[in-house]
Amino acid sequence: MKKVINISMIALFTITFVSCKKEGNKAVIKKDNSQETVLADNGEVDSTVGYNTDIKGNKSIKTDYVYQATDGSPVKVIFDYNPDDRNVSIRSNNKTFILKKAEAKPNETVYEKEDMKATVKGDSLVIRQGDNVIQLVKTRL
């Protein structure tokens, strides 16, 4: 009885191994590797834009950040990278300021509204309003 089971297992293994082809599964849809990249005004990649990368390597634009002011208070900053209307929303002390993108360079983006100006450079965000200068640093969660 053991011989019959062993022979049938070997036969089943051999048939399975021989029938496998190395062509791969043709039913799998090929992944589109074209990712939308946010560009600065001069056509170069805007390095101030952060990306989330999932397990499969797909990038998505990260829009929410928590910054910290020099006094330690948290500031929520939301970047909207919609190509038609790029802006930044800065929320602190239950007040929200929305500034429109004015200028972008490869390492720096400037947002403005009336007398308020926000400059994003790397992990820092500097807000200028009149004579007041507020420096924010991106927190690491």
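Conditions (1) part of a strand (DSSP E or B); (2) surrounded by 15 or more Cβ atoms within 10 Å (Cβ to Cβ); (3) at pLDDT 95 or above; (4) out of contact with any Gly (no Cβ under 7 Å at 6 or more places or on another chain), marked per residue:
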residue: Ile55; (1), (2), (3), (4): no, no, no, yes
residue: Pro83; (1), (2), (3), (4): no, no, no, yes
residue: Val88; (1), (2), (3), (4): yes, yes, no, yes
residue: Ala104; (1), (2), (3), (4): yes, yes, no, yes
residue: Ala118; (1), (2), (3), (4): yes, yes, yes, yes
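If you go through region 67-108 and keep only what is of a type in the set (Gly, Ala, Ser), in contact (Cβ under 8 Å) with a residue 60 or more places away in the chain and over 13 Å from Val120 (Cβ atoms), you end up with just Ala69.
The values are calculated or read from the model by the stated rules, or taken from the named source; none is laboratory data. Bear in mind the structure is a predicted one, so any value in this text is a computation, not a measurement. Note that we place each Cβ from the backbone using ideal geometry, even for glycine, and neighbour counts take in every protein chain shown.
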